[in-house]
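Everything on this sheet refers to the single structure shown next.
The values are calculated or read from the model by the stated rules, or taken from the named source; none is laboratory data. What you are looking at is a predicted structure, and each value in this text was computed from that prediction instead of being measured.
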Amino acid sequence: MDLTALTHLIVDFLHKIIQALMERFVAHDQQGVDRFQMHLFAFGVQVMDMFVFARVHIDDIYRM
């Protein structure tokens, strides 16, 4: 397995973990989300965006 494939595998794995945590977090707290939880969720969304960006650009990074 080359480095690009391994990186894709790691990014996909972390992405799935964070996605599952966020889904569980949202399902757990349906009564209303306080300020701290909103910040935490916003951070989770930013991390998800990072993974999407990384997945798209991994190949470009290794080509440099």
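Below is a table of values for the structure above.
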item: Extreme residue, farthest from the chain's Cα centre (by Cα), among residues of region 31-64 that are of a type in the set (Gly, Ala, Ser) and at pLDDT 70 or above; result: ALA42
item: All positions within region 1-20 that are among the polar types (S, T, N, Q) and farther than 20 Å from LEU40 by Cα; result: THR4, THR7
